[in-house]
Amino acid sequence: MSKPLLSIIIPAHNEESRLPRTLEQVFAFVERQGYAAEVVVVENGSTDRTLEIARDHAGRHPSLHVMHAEGRGKGLAVRLGMLAAAGEFRFMCDADLSMPIEEVNRFLPPALEDLDVAIGSREVEGARRYDEPLHRHLGGRFINLLIRLLILPSLQDTQCGFKCFRSAVAQDLFNHQTLDGWSFDIELLYIAYKRGYKVIEVPVDWYYRSESKVSAVRDALRMINDIFRIRLNGRRGLYDASRSQPSV
């Protein structure tokens with residue numbers, strides 16, 4: 001296959017129940033498009049049949065590439081997939097498909113031109129949320145308030161799990177990522193901000209999934225700690241463009 005226009009990167013940790021349906025929906029979408037695309041599933045640290053299921057699907061879909069990482073963390077899985085991908089545009093996609101996969105085209109030309117980073121947003125005009133509990137929504141808005149006050153003043157929603165990067169930008173940002181946990185995408189957006197990349201928020205339809213693996217209290221506390229860590233790293237110049245790229 002020629003170099004794909006799009007790479008869809010799906011991190012997968014203990015996703016045996018959701019991954020089969022997700023891959024069916026993703027490939028049904030991909031096969032209807034007029035451009036070449038690949039799908040990269042990165043399994044890491046699973047204790048169920050996630051890896052086996054992904055490899056079984058790869059046997060039926062030549063454009064599906066499966067990676068296995070021993071380490072834990074969504075940030076680690078996404079980084080490995082992004083740096084291994086070949087697409088001109090690289091799209092990170094949660095395994096629960098809380099955003100319908102058909103909306104991917106809203107992140108690509110011709111819908112968007114001159115793209116550096118495009119992030120799915122549940123807050124900008126035109127976005128719609130479905131079935132989200134009030135306490136989850138309020139908790140998310142509190143975290144975003146801290147993010148805007150401390151590191152990213154202009155972004156209304158940094159935590160939606162659907163983001164698209166132009167290939168050269170992905171290589172730069174993910175080679176400077178230091179966090180492997182839930183807050184990795186906040187760090188990536190802060191690096192993009194520090195380096196002058198254009199970040200666009202794309203309104204999406206987003207559906208709350210009750211089987212979400214996010215712990216509202218535990219992960220919120222970790223994220224708050226990481227926000228201050230990112231701020232400190234920035235002040236120390238860790239994300240400056242003049243620094244050499246760390247090894248992956």
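The values are calculated or read from the model by the stated rules, or taken from the named source; none is laboratory data. From a predicted model like this one, the values you see are computed outputs, not experimental measurements. Neighbour counts run over all protein chains shown; Cβ positions are idealised from the backbone, glycine included.
Identify all residues within segment 171-186 that are in contact with a helix residue (DSSP H, G or I) (Cβ under 7 Å, 6 or more places away or on another chain) and closer than 20 Å to Arg122 by Cβ; write none if there are none.
Trp182, Ser183, Phe184, Ile186
Among residues belonging to segment 1-53 that are in a strand (DSSP E or B) and charged (D, E, K, R), point out the one that is nearest to Val169 (Cα to Cα).
Glu38
Among the residues of segment 205-214, are any surrounded by 16 or more Cβ atoms within 10 Å (Cβ to Cβ), part of a strand (DSSP E or B) and either modelled with pLDDT of 95 or more or not polar (S, T, N, Q) (or both)?
Yes, there is a match, as at least one residue in segment 205-214 is surrounded by 16 or more Cβ atoms within 10 Å (Cβ to Cβ), part of a strand (DSSP E or B) and either modelled with pLDDT of 95 or more or not polar (S, T, N, Q) (or both).
Have a look at Ala85, Ala12, Ala37 and point out the one that is among the aliphatic types (A, V, I, L, M), free of Cβ contacts under 8 Å to residues at least 60 places away in the same chain and either surrounded by fewer than 22 Cβ atoms within 10 Å (Cβ to Cβ) or closer than 27 Å to Val199 by Cβ (or both).
Ala37
Consider segment 113-142. How many of its residues are at pLDDT 95 or above and over 15 Å from Trp206 (Cα atoms)?
3
Residues in segment 220-232 that are free of Cβ contacts under 8 Å to residues at least 60 places away in the same chain and buried (at least 17 other Cβ atoms within 10 Å of the Cβ): how many?
Total meeting the criteria: 1.
Residue by residue through segment 119-169, note down the ones that are in contact with an Asp or Glu (Cβ under 8 Å, 6 or more places away or on another chain), in a helix (DSSP H, G or I) and β-branched (Val, Ile, Thr).
Val169, the sole residue that qualifies.
How many of the residues in segment 94-123 are surrounded by fewer than 17 Cβ atoms within 10 Å (Cβ to Cβ), among the aliphatic types (A, V, I, L, M) and touching a residue at least 24 places away in the same chain (Cβ under 8 Å)?
Looking only at that region, the number is 1.
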